[in-house]
Every structure is written in C-alpha cells, then in structure tokens.
Amino acid sequence: MQRFKIFSFIIIILSFSGCIGAAFSGVSSVVYDRYNLKKNLSNQTVLMQVATAIKRDSELVNSRVEVTCFDYQVLLTGQETSEKIRKKAAEIAANTQGVEHVYNFIEDRPPISGGVSLKDGWITMKIKSKIVMDAKMDPNKLKVVTENKTVYLMGVLSKDQAKLATNIARHMPGVKHV
C-alpha cells in the first residue's frame, strides 16, 4: 500500500509539471522497446494531424473535442451540442492519412466544467497506476481516457489483460461507465 501511495504521489507531481505523457509513453518506449518507438511516433503524428485539422477548421475552432490515438485508431471525446460538428470532427479524423478507424464518442451536451475535467484526469491517473502496479502490464500497451466519468480503454492486450483492465476501471470510485 505504501508503494502505491508513493507511486500515486509521483504521478501527481509529474502531472502538474506536464510530464505525465513522457513518463508513460515516450521515455519508457525508448528504454524498453525501440521497435515500437517508430509506431509511437507515427501515432503521435496522426494525433497531431487530426487535432490540428480540427482546431483549424472554422466550424470546429471553438469546439470541445479531444483526440486520442492508439495503434492508428482515433478516439474522439468531448461535448458538442451540434450533430453537424460531431460528424465534421469524425470526418476530418477519418480523412487523415494513417487513421485506420475513428470512434466518435463526442457527447451531445454542453461542455463539462473544468472541475469535472480535473476529476477525470485524476480518475485516469488512478486507473493507469493501478493497472501498472496490480496487473503489472506494460503502460505502453494501454491508453486510458476519462471523459465526464466515462472511461475508454484502448490497447493491445490479451483477453485476460483486457478483462483485468476493464475490471480495474469499472471498480474505480467516480467511474460511471467503461
């Protein structure tokens, strides 16, 4: 339990300094799996291309759309009250070179508050930490995204690992859906 608390504290500190992404993705990839470095960089390129195209579109410039990419699969989350905007974001993502599939989970509702967004980040960190500590899974094989208390899991896992990760997320306090 003490190790979990220390690990959680480190994650909190890293998240406030903006280093959480590097801690969970890029750095460990370089050290442990150089083969996947190229794939990770390609996924980051796809992510940036989709996010940039969405933000540059005149209809989407003020939208609340978050983009996640794992294994060339793009997850769109956020809130938007216009079906036209939801479809346009998905269309932009689908037409981006390198994207194999788009999962459009943009909710039809007003944007969530900063407080809810902060809690979502906390839920994501707790789930990712518990998966890494308890399930001893490689953090590079799984992406955890929380949006408005709904958790999305993206990864390349065995059936048993996927079931374990889903159960960890499902039983995390504050989670409504997985």
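The values are calculated or read from the model by the stated rules, or taken from the named source; none is laboratory data. As the structure is a computational prediction, the values presented were derived from the model and not from experiment. In case anyone asks, the SASA skips ligands and DNA or RNA and just uses the protein heavy atoms, side chains included. Shrake-Rupley method; radii C 1.70, N 1.55, O 1.52, S 1.80 Å.
For a straight C-alpha distance cut-off of 17 angstrom, the lysines reachable from K55 (same-chain residues fewer than eight places away being disregarded) are K84, K87, K88. Report, to the nearest whole %, how much of the accessible area of the range 38-178 belongs to carbon and sulfur atoms, 1.4 Å probe, protein only. The computed percentage sits at 53.
Computed with a 1.4 Å probe over protein heavy atoms only, the accessible surface of the range 35-178 comes to 56 Å² per residue.
Once backbone amide H atoms are built at 1.01 Å from N, F70 has L75 as its partners under 5 Å, excluding neighbours fewer than 5 places away on the same chain. Bridgeable lysines around K141 (alpha carbons under 24 Å apart, same-chain partners fewer than 8 residues away excluded): K5, K38, K39, K119, K126, K128, K130, K149, K159, K163, K176. Each residue of the range 78-94 was assigned a 3J(HN,Hα) from its phi angle through the Karplus expression (A = 6.51, B = -1.76, C = 1.60, θ = phi - 60°), giving x, 9, 7, 8, 10, 4, 4, 5, 4, 5, 5, 4, 5, 5, 4, 4, 5 Hz with x at Gly and Pro.
What is the Rg over Rh value, at two decimals, for the range 31-85, using alpha-carbon atoms and the Kirkwood definition of Rh? Intermediate results must be reported in sequence, preceding the final value.
Numbers: Rg = 13.8 Å, Rh = 12.5 Å.
Radius of gyration relative to Kirkwood radius: 1.10.
Largest first, the three principal axis extents of the alpha carbons in the range 95-136 are 38, 30, 13 Å in whole numbers.
Shown here is the pair-distance distribution of the range 106-158: with all Cα-Cα distances grouped in 5 Å bins from zero up to the longest one, the shares run 4, 19, 26, 21, 13, 9, 6, 1 percent. Relative to the globular-protein estimate of 2.2 N^0.38 Å, the Cα radius of gyration of the range 40-173 stands at 1.07.
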